[in-house]
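Okay, so here's the structure we're looking at.
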Amino acid sequence: MNLIAAAIAASFAALAASYGNGQVISKTLESMARQPEIAGQLRGTMFIGVGMIEAVPIMAIVIASCCCSSNHGELGREWTVHVYW
């Protein structure tokens, strides 16, 4: 059951990221058509935004794989972080 839940979570994250990327790219192209003189600045900002959006499904896949590889979805001893002050 944990594997199905992880797969659903990762697929929703990928779906949301693809929708977000489409929106960012479409609005950037719209802005470039209106003001071609700042196309370079818009392109750089678009790439930063797309990179940040793409980080979401990558983190979702990492978290899902961590939850599936531990003891029945619970964090085991191997994932415990000890902080010594």
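Every read-out reported here was derived from the displayed coordinates using simple, explicitly stated rules and does not represent laboratory data. Small disclaimer: the values here were computed from a predicted structure and weren't measured. Cβ coordinates were reconstructed from backbone atoms using ideal geometry, including for glycine residues, and neighbour counts include every protein chain displayed.
Computed FRET efficiency, Cβ-Cβ of Ala16 and Val50, R0 22 Å: what is it to the nearest 0.05?
The calculated FRET efficiency here is 0.95.
Between Ser65 and Ala9, what is the spin-label point distance in nm, taking each point 7 Å from the Cα along the Cα→C-beta axis?
Each label point is offset 7 Å from its Cα along the Cβ direction, giving 1.5 nm.
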